């Protein structure tokens, strides 16, 4: 396993680059997942704009104004945080190379650097706005296309998704949360994908409605991107060993062509330090599972990348708005429902049944997706025949 990129480069290339210790493998793949999803979403939104299915919205922009007090304050705060932590990190390298999260959430840093960088940020913002200032600010109307709002979608998805993933994870693991509420909230591990998906979807759809973006075409455009992001994000789970693995698998590998690690794996050097100590290992990440488990993140990587290709290949053939997203809900729900059968997860007791949170949401996604497809087709048929 590769808890951070230092371990990856050392194992793959034999290069020991200490500064890579600050880049966590899980976070790295989450970032790649967001970038990949944003790229795919942009391509699909542009295609629908060319077909006339999505329209731009005129917005009034004002130019030539000097920097406002609020802008200078925001830039000053950002500059202070950057200088305080960045320079502080350089001065406390031994500490952050072992515990970046602890350093970022602590009061450690360089106050002098924070003040200097804050002043530079404020001065730069003031100077740039002053150079472009006009005797009288001008207003002009510009057409903003849906694909130009992808950066906004990405930022909102990142923030709302993180909050939703944390909330749902702690609800699913309530006993652990009660024992250490603050630690559970600030930990970089422990994220529930469906929680992030639900909260991010609500926030983005509300934003899109305010900007007069057709919701059905937006969610259709997002469906392949979501499936791709899920698959890439699971790479972070697999390579970091973040605890998102399967149940114990002590059965012998029944497939001669399948590597043993793809059938049952101990996740050595996992980022959550779970299991038994690795003999002779020194450092922070020196544990592996005592009994091998199903590497479920690996299975989801393969399944979701294949499902992404399915959605990407059929997106031009299906013209009924909303149907692609309905298919995504069904496919993703089926995939997750069955993977839960061999995954470690908290189970509930509901009338004698013992489903996991993900199984419940997956079932609702399959049913909801099927109903949504039916509704979209019916509404489209009524619209075209009227």
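Quick note: the coordinates plus some simple rules give every number you see, no bench work behind them. No experiment lies behind these values; they were computed from the predicted model shown. Cβ sites come from the backbone with ideal geometry, for glycine too, and all protein chains shown count toward neighbours.
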Residue ID - nearest to residue 224 (Cα to Cα), chosen from residues in the range 248-297 that are touching a strand residue (DSSP E or B) at 6+ places or on another chain (Cβ under 8 Å) and not in a loop (DSSP other than H, G, I, E, B)
296
Applying the selection to the range 214-262, what residues are over 30 Å from residue 316 (Cβ atoms) and without any contact (Cβ under 8 Å) to a residue 24 or more places away in the chain?
251, 252, 253, 254, 255, 256, 257, 258, 259, 260
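The rows are residues; the columns are (1) buried (at least 19 other Cβ atoms within 10 Å of the Cβ); (2) in contact with a helix residue (DSSP H, G or I) (Cβ under 6 Å, 6 or more places away or on another chain); (3) more than 30 Å from residue 316 (Cβ to Cβ).
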position: 1; (1), (2), (3): yes, no, yes
position: 15; (1), (2), (3): no, yes, yes
position: 25; (1), (2), (3): yes, yes, yes
position: 37; (1), (2), (3): yes, yes, no
position: 48; (1), (2), (3): yes, yes, no
Among the listed residues 336, 343, which satisfies the condition of being over 30 Å from residue 45 (Cα atoms), in contact with a helix residue (DSSP H, G or I) (Cβ under 8 Å, 6 or more places away or on another chain) and crowded, with 20+ Cβ neighbours inside 10 Å?
343
Among the residues of the range 3-13, the number that are in a helix (DSSP H, G or I) and touching a helix residue (DSSP H, G or I) at 6+ places or on another chain (Cβ under 9 Å) is 6
